[in-house]
Each structure stands twice: as C-alpha cells, then as structure tokens.
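Q: One structure follows; several queries about it will come next.
The values are calculated or read from the model by the stated rules, or taken from the named source; none is laboratory data. Computed from a predicted model, the values in this text were never measured in an experiment. A quick note on method: Cβ atoms are made from the backbone with ideal geometry, for glycine too, and the neighbour counts reach across all protein chains shown.
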Amino acid sequence: MLFVEFRFFWFFLAVFAVYWSLRENRTRKIWLLACSYLFYACWNWKFLFLIMASSALDYLVGSMLGRTDDPRKRRGWLIVSLTANLGTIAFFKYYNFFVTSAAALLAWLGLPASLHTLNIVIPVGVSFYTFHSMSYTIDVYRRKLEPVRSLLDLA
C-alpha cells in the first residue's frame, strides 16, 4: 500500500477514526504502533522484523545509556547501536556495489573472483527510519534527551 493509492485513504480514515474513539493514551499508542507495523507489512511483511528489531535495539540502547555514567560503557552501547543501524543500511543499500567493485578490482589485478551479488530489495524508508532511530540514540548518548520509559514512545 502506497500513500498515493486510494486504499491508503480508507486505511488512514479507519486508523484516524479508531484513534479518536480510544480514550486512554497508552491504548492510542498501541493502536498507532500496530497500524504502523501493519502499513509497513502491507509493502513486504518480511521486512517487518527489521523495523521491529531496530525499534527494540535502540530502545534497549537508550535504556542502557540512561542507566550508566561510565564513559566506556556508554560509548560501547552507542557503538552497538551505530554498528547495527549502519550495518543494516550498508547491507541493503551498498552490498551489491561493494561486491561488484571488489570483483572488478580482483579482475583488474588478474585474480580470480567468484563473488556474487544478491537480489536485494531495499526496504521502504530504511534510511529515514534508521537515521531517525540513530538520532535518538545519539541524543541520549550526548544527554540532549532523556531515555524514553516505554517502547511505545520510541517506536
């Protein structure tokens, strides 16, 4: 489902109507998160785990950053988040580029190269979501933000 499709309009209206009929703030957050994940899964359900894992990881890292003042531990947690997030982008957006470049370099050097590219589909919004998630972790690391208390407030 894309934003420009007519069915998105109906989906949005249904989500909006239910949201405003719910009274409790926590229930509203759960509803919005569930609908967001459903919307993302409509494009490709296989990437739903990716966005859920990213949310969970950066929530965990933010929580751990809020629990320690030890600079080494804080830096370590930041590195975990940055490695996972940048690794995700590197794999989906740049894996084939690096493999193709490495194969060309090896061929130029006269070395046999049996490197294969993958038929990778880039998840919708992976860069936006990943950089947004990383900005939260970096801001918590720099103490510009307090860690969120609930995964619902981050995801």
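Q: For the structure I just gave you, tell me whether Tyr129 is touching a residue at least 40 places away in the same chain (Cβ under 8 Å) and either surrounded by 13 or more Cβ atoms within 10 Å (Cβ to Cβ) or over 24 Å from the mean Cα position of the chain (by Cα) (or both).
A: yes
Q: Do we find that Ile79 is modelled with pLDDT under 95 and closer than 19 Å to Ser135 by Cβ in this structure?
A: No: the conditions fail for Ile79.
Q: Taking the conditions exactly as written (closer than 25 Å to Ser135 by Cα, free of Cβ contacts under 8 Å to residues at least 24 places away in the same chain and either under 17 Å from the mean Cα position of the chain (by Cα) or not in a helix (DSSP H, G or I) (or both)), does Leu60 satisfy them or not?
A: Yes: the conditions hold for Leu60.
Q: Please go through the stretch 88-131 and pick out each residue that is closer than 24 Å to Ala56 by Cα and either assigned to a loop (DSSP other than H, G, I, E, B) or charged (D, E, K, R) (or both).
A: Lys93, Ile120, Val121, Ile122, Pro123, Val124, Gly125
Q: Among the residues of the stretch 132-155 satisfying the criterion of being assigned to a helix (DSSP H, G or I), of a type outside the set (Ser, Thr, Tyr) and within 20 Å of Thr68 (Cβ to Cβ), which is nearest to the chain's Cα centre (by Cα)?
A: Met134
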